[in-house]
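Peer 1: I am attaching a structure below and will ask some questions about it afterwards.
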């Protein structure tokens with residue numbers, strides 16, 4: 001329970017900080033794409049558990065919490081119940097929560113979700129391209145993207 005409170009407090013701080021950051025623009029006024037604070041998040045086109053395409057652009061105007069993970073990763077496994085709790089408590093309030101699995105089969109991920117009673121939305125980065133776009137090296141890694149895409 002204490003970890004959940006800490007995680008929710010951290011999310012609250014990120015939401016507050018993220019809302020106060022102005023988006024970055026290049027000298028020509030173009031949007032700067034990247035994972036740095038103030039940059040616009042790289043778009044992605046992935047598939048969900050049902051094989052449906054999902055893009056970050058689908059959530060324009062909404063805050064999005066993205067977690068990169070894998071079922072074989074002990075810290076990822078440990079934090080999933082807390083992400084589920086955030087999803088359960090915040091998705092009805094407008095926060096989009098997405099767990100992006102890195103290069104595991106849908107069958108393995110379905111098994112993991114079933115064994116752990118998780119219903120958090122999962123997207124598949126089967127090629128690793130999205131993880132690369134976001135500069136993911138260690139996992140789990142979580143990003144908060146505000147309603148402006150920053």
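Peer 1: Under the 0.36 nm per residue contour assumption, what length would be gained going from the current alpha-carbon distance of residue 77 and residue 105 to full extension?
Peer 2: Full extension from residue 77 to residue 105 adds 8.5 nm.
Peer 1: Which FRET efficiency value, to the nearest 0.05, do you get for residue 127 and residue 89 by plugging their Cβ-Cβ distance into 1/(1 + (r/R0)^6) with R0 = 25 Å?
Peer 2: Rounded to the nearest 0.05, the efficiency is 0.20.
Computed from the coordinates by the stated procedures, all read-outs in this text should not be read as laboratory data. Bear in mind that the values here come from a model prediction, so they are computed numbers and not experimental data. Quick reminder, even Gly has a Cβ in these numbers, built from the backbone with ideal geometry, and neighbours come from all protein chains shown.
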